[in-house]
Each structure stands twice: as structure tokens, then as C-alpha cells.
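Read through the structure below, which is laid out as C-alpha cells, and then see the notes.
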Amino acid sequence: MNVSIHELELKILALLDETPEKMSFGRIKKSLCASYGVNNRQLKKAIASLIASGTLYYTFHFGRSFIERSLDKPLQISKHVILKPSKCSVPNNGNRVVVSIEKGAAFGFGDHPTTRMAIRLIDACLHQPYWQEEKHALKAIDIGTGSGVLSIVAAKLGLGVVVGVDTDPCALHESKNNVNLNQMEGRIQIVAKSIDQFNETFDLVFANLRTPTLLNLCADIDNKLSKKSALIFSGMRAEESMDVCDRYQKKGFNVAEMRQEKGWSAIYLTRG
């Protein structure tokens, strides 16, 4: 099979995104050379090109070298969302939003599948007809906001108000910094509260949390949601996602979309 260097680069990136484990050159070679008939020289050339462009880089763990995606350049996460380090610049484009994130100790930079899937589901949700028409008047809560990335993405995609909540002082500090970096202070509130401490209701909930926490939050989330509402959950292992779906379906939610990547799962549920 004849594969161009560009096509081979895309296949390398897809393989890295889809494989749960870190990939060495040898593993990439074993996966792609047999499947597509490319030779060692072609593969080395494609990887060298991706490294030269800053898309990939070598990492070293316990005396072994691996090839991974670089996070030092802008990365298009979904159809309308680009994440970038604060010091990089991206040309203006009316069809996409650019979110700047300072990588720190708080979770949520785009380097983990659960963050990427949550962003993709938020993007898909807010471009569906009902939510697209109503989003400027709606309010969301981002539970366990971490770096604040999901809140910032939602606000930049046009959601009226987003409240990011967390209990970790480090996350609160970093998420506030990222909100300021993106000039979203007027649309995003970062607070040290839990959802049951709010008097108001929300239209959308975002949560990138592990399965036990998502299950335990079910009653509190149900009590704080509008009749027409949506949930975007990530952070579950793939085999755990149906447990979460079942719990929330008992509260009247339907599964609108489910995604899986590298053994992790994310779900988008709607009600009303």
C-alpha cells in the first residue's frame, strides 16, 4: 500500500491518540509497518518531520525512550476549540475559539483523554440547535474545575455564565489565573463551594471526575438542574460508564452521545 508522508503522519498521530500505553518507536513500527506496508525509512522520516514541527517529542522513562505529543504548541482539540500555552500565538479565525492555559499542578491542560473528550462534547452540545439558540442566557456549573479549562471553553463558545467550583486551593488559584488570562472574568466565577451550597439552578453541568464521585453527586446535581438540562461527564474508565448512565437515567436523563479514548469514557446526557 502506497502511503504519502502526510498520510503516514496522520496515522502516527491517530495511533498515539488511541493507544492507552506510551509508544516507543519499535511499537509504532510494529503497528504501522505491518498494517500499511511502510518501511523503516519512511517511518523515521515521518516521525522526524513531526518532531521538527513540534508536534511530537521524545520522552524518557526508566531508561526507555517514548514518542509523545508535544504540548508546547497550539493543539486543535475539537472542531471549534484550540488549546494553546499562554506564550504561543494563533491567528484569529471566526470559526474557532482559542483558549490559553498555563500548565500547572491543577488537572486539565488537554494532555489527558478525559479533558479532550469533555471539550469535544461541550463543543458538540453548544452547537446543537436548542443550546446554540439559548446558550447566551444559560448558566453552567463546572464541578471540580481544576485548571478551569472546561469553564473557559464553554464561556468562549458563548455560554452566558459559568461557575467553576473546586475545593483544592491550588486549583482555585490556577483556574482564576487562567480565567484572567483569557479575559473571561465577566462570564466565569471561580468559587470554593460544592453544588449543594447554591440556591440557584443550572442548565448545564460539566464534571471531569472519577466514577464514584459522579455517582455520589447524582442527587445534588438533580436538585440543582433546570427542567431542560444537559450533563457532560468525563473521567470514567470505559467499563464504568454504563454505571453512571444507569444512575442518571433513573433521574430522567437520556444518553445523547458517548465517547471513548485510551480506556477512558465521556458521556453527554440530556433531559427535557
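The values are calculated or read from the model by the stated rules, or taken from the named source; none is laboratory data. Everything numeric here is computed off the predicted structure, so don't read it as measured data. Note that we place each Cβ from the backbone using ideal geometry, even for glycine, and neighbour counts take in every protein chain shown. Ligands, DNA and RNA are excluded from the accessible area calculation, which covers all protein heavy atoms including side chains. Shrake-Rupley method; radii C 1.70, N 1.55, O 1.52, S 1.80 Å.
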If I ignore ligands, DNA and RNA and count only protein heavy atoms, how much of Phe25 is accessible to a 1.4 Å probe, in Å² to the nearest 10?
50 Å²
Expressed as a rounded percentage, what relative contact order does the stretch 1-154 have, with Cα pairs under 8 Å and six or more residues apart?
16 percent
Quick one: which residues, 5+ away or cross-chain, put their amide H under 5 Å from the amide H of Met236? H built at 1.01 Å from N.
Ser265
At a Förster distance of 22 Å, what's the computed FRET efficiency of Arg210 paired with Asp17, Cβ-Cβ distance as r, to 0.05?
0.50
Once the other residues with Cβ under 15 Å from the Cβ of Ile141 are scored (Lys, Arg +1; Asp, Glu -1), what is the net sum?
-2
Tell me the accessible surface of Met242 in square angstrom (1.4 angstrom probe, heavy atoms of protein chains only), to the nearest ten.
100 Å²
Taking the stretch 161-262, which GluC sites (Glu not before Pro) meet the DSSP loop condition and have no more than 10 other C-beta atoms within 10 Å?
Glu200
Could you list the trypsin sites (Lys or Arg not before Pro) in the stretch 1-88 that lie in coil according to DSSP, counting only those with at most 11 other Cβ atoms within 10 Å of their Cβ?
Lys79, Lys87
Under the 7 Å Cα-to-Cβ spin-label approximation, Tyr130 and Ser53 lie apart by a distance in nanometres of 4.0 nm
Based on the Cβ-Cβ distance of His173 and Lys44, what FRET efficiency does E = 1/(1 + (r/R0)^6) give at R0 = 35 Å, to the nearest 0.05?
0.20
For a quick check of understanding: with a 1.4 angstrom probe and all protein chains in place, what accessible area in square angstrom does Lys176 have, to the nearest ten?
100 Å²
Over the Cα atoms of the chain, Rg to Rh with Kirkwood Rh, two decimal places?
1.00
On a 0 to 90 degree scale, rounded to 10, what angle separates helix 113-126 from the longest Cα axis of the chain?
60 degrees
Hydrodynamic radius by Kirkwood, which averages 1/r over all alpha carbon pairs of the stretch 135-257, in angstrom
14.6 Å
Ranking Val244, Val191 from most to least accessible area with a 1.4 Å probe gives Val191, Val244
Under the rule rounded for a/c under 1.5, else prolate if a/b exceeds b/c, else oblate, using alpha carbon gyration tensor axes a ≥ b ≥ c, the stretch 70-202 is classed as oblate
